[in-house]
Amino acid sequence: MSRFSGITDNPHEGRFHQKTGILLTNLGSPDEPSTKAVRTYLREFLSDRRIVEIPRLIWMIILHGIVLRVRPKKSANLYKSIWTEKGSPLTHITELQRDKLSSLLKEKGYQNTEVVMSMRYGNPSIESGLQELREKGFTRIVVLPLYPQYSSPTTGSTFDAVSRVLQTWRWVPELHFINGYHKNTSYIDSLANSVAEDLQKNGTPQKIVFSYHGMPKLFLENGDPYYCLCLQTTRLVVEKLNLDKDLVISTFQSRFGKAEWLKPYTDATLESLPAQGIKDVAIISPAFSADCLETLEELESENREIFEEAGGEKYRYIAALNDRDDHIEAMFEVLKPNL
Ligand SMILES: C=CC1=C(C)c2cc3[nH]c(cc4nc(cc5[nH]c(cc1n2)c(C)c5CCC(=O)O)C(CCC(=O)O)=C4C)c(C)c3C=C
Ligand SMILES: [Fe+2]
Ligand SMILES: [Fe+2]
């Protein structure tokens with residue numbers, strides 16, 4: 001059998017008609033909140049060389065000897081606490097985003113496009129998404145990883161997965177890979193709108209915490225731009241809303257392992273605020289384009305508890321942009337130059 005695959009039954013004329021297929025991607029979730037499914041998911045996730053950069057042999061021993069024996073049970077319980085009838089929130093919200101973006105494209109007159117969604121880890125896989133687009137005759141593909149701030153472990157890793165699949169295709173499509181959109185005006189506007197709506201409804205808190213997913217500090221020192229892109233995102237939202245700089249703080253959450261991660265840490269910050277007289281906070285997480293374990297469990301529940309136990313009184317989480325109309329519009333604006 002050949003190492004390269006292809007579609008062989010295309011009508012001759014149709015084969016050269018370029019249609020643009022859009023592959024929306026996000027991180028992915030386990031298939032179900034069971035220890036077994038979480039172990040399968042974490043094995044794939046934590047074996048990614050862009051996620052954990054510890055020397056391979058040492059990490060494989062730690063991963064298989066300790067992490068995959070201990071973590072899946074604990075993580076499965078966390079996943080159970082956020083799981084819905086429709087499954088993983090992250091996967092379901094990405095499906096809603098796909099459907100709404102697809103309708104918006106049709107409304108705007110882009111009839112020759114189709115939106116498919118894939119997950120970097122777990123299902124539906126990047127391979128199945130690309131395969132679906134190929135089978136439908138798309139010879140031009142735009143990949144939009146739903147990570148506004150580029151980072152090697154997320155966007156870079158998505159590129160790896162896409163290119164690994166395409167390396168096996170006989171007819172490589174025209175490929176456009178969007179590697180981030182943290183400065184896009186429509187994205188910043190939708191974040192600003194979500195903050196403004198919250199302030200209007202609940203009043204101005206003493207602090208607005210912009211909590212971004214963290215990463216090892218070493219990644220930044222070795223050239224990953226993510227940290228700077230996060231701080232720039234906060235600055236652009238502050239400018240857009242004309243907020244007092246002191247009202248806002250950027251922090252980093254979801255630390256994993258023993259190494260130092262980007263600081264300040266979200267949990268330590270929330271724990272320290274009440275002693276400084278700050279007992280009323282709102283928290284937003286601009287790096288997550290969809291609510292997921294890291295927001296629904298870690299921010300909504302775990303960090304709320306930390307803040308309240310330290311003497312905090314009012315704590316509210318501002319939802320991710322999810323399938324808000326202005327977020328879908330922002331996705332369209334990000335894609336537009338490539339349509
Ligand atoms: C081990 C190192 C990790 C790095 C580096 C990392 C970077 C990173 N992750 C996201 C987005 C998400 N991460 C999510 C879950 C999650 N992240 C890690 C580890 C790293 N992430 C783990 C082990 C987990 C799994 C959950 C657990 O067992 O605690 C999620 C949520 C997935 C879901 O199903 O809801 C997202 C989204 C970004 C943006 C990022 C960039 C720096
Ligand atoms: Fe993560
Ligand atoms: Fe977490």
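Carbon-plus-sulfur fraction of the accessible area of the chain, 1.4 Å probe, in percent?
Looking at the chain in its full context, I get 51 percent from C and S.
Using a probe radius of 1.4 Å on heavy atoms only, what accessible surface per residue do you get for the range 118-235? Whole Å² is fine.
40 Å²
Please report the spacing between the Cα centers of the range 76-109 and the range 261-329 in Å, no decimals.
Cα centroid to Cα centroid, the span is 21 Å.
Can you give the calculated 222 nm mean residue ellipticity of the chain, where each DSSP H run of n ≥ 4 adds -39,500 (n - 2.57) and the sum is split over every residue, rounded to the nearest 500 deg cm²/dmol?
Estimated from H runs of four or more residues: -12500 deg cm²/dmol.
Which of Gly312, Asn179, Gln111 sits farthest toward the positive end of the charge dipole of the chain, with +1 on the Cβ of Lys and Arg and -1 on the Cβ of Asp and Glu?
The listed residue farthest towards the positive side: Asn179.
For Leu199 and Lys74 in the same chain, what is the full-extension length gain: residue separation times 0.36 nm, less their Cα-Cα distance, in nm?
That works out to 41.5 nm of additional length.
State the number of lysine pairs found in the range 10-90 whose Cα atoms come within less than 23 Å, restricting to pairs 8 or more positions apart or on distinct chains.
So the count of such lysine pairs works out to 6.
Calculate the translational D of the chain in whole µm² s⁻¹ from Stokes-Einstein, where the hydrodynamic radius comes from the Kirkwood formula applied to all Cα pairs, the temperature is 25 °C and the viscosity 0.890 mPa s.
My calculation gives 116 µm²/s for D.
Could you give the nm distance between label points at Lys240 and Lys314, where each point is 7 Å from its Cα heading toward the beta carbon?
2.4 nm
What does the extension gain come out to for Glu44 and Arg170, with contour length at 0.36 nm per residue minus their alpha carbon separation?
This chain segment gains 42.7 nm when fully extended.
Please work out, to two decimal places, the log10 of the ratio I(q)/I(0) at q = 0.14, 0.16, 0.21, 0.28 Å⁻¹ from a Debye calculation in which every Cα of the range 233-308 carries one identical scatterer.
The computed values of log10 I(q)/I(0) come out as -0.50, -0.66, -1.11, -1.43.
Between 0 and 90 degrees, rounded to the nearest ten: what's the tilt of helix 325-335 against the longest Cα principal axis of the chain?
Taking the Cα atoms of the chain, the angle to 325-335 is about 50 degrees.
Check the straight Cα-Cα distances from Lys207 and name the aspartates and glutamates below 12 Å, setting aside those fewer than 8 residues away within the same chain.
Asp244, Asp246, Asp280
What percent antiparallel are the DSSP beta bridges of the chain, to the nearest 5?
5 percent
The values are calculated or read from the model by the stated rules, or taken from the named source; none is laboratory data. Quick caveat: nothing in here was measured; it's all calculated off a predicted structure. Using ideal geometry, Cβ is built from the backbone for each residue, glycine included, and neighbour counts are taken over all protein chains shown. When the accessible area is computed, the model is the full protein with side chains, heavy atoms only, and any ligands, DNA or RNA have been set aside. Shrake-Rupley method; radii C 1.70, N 1.55, O 1.52, S 1.80 Å.
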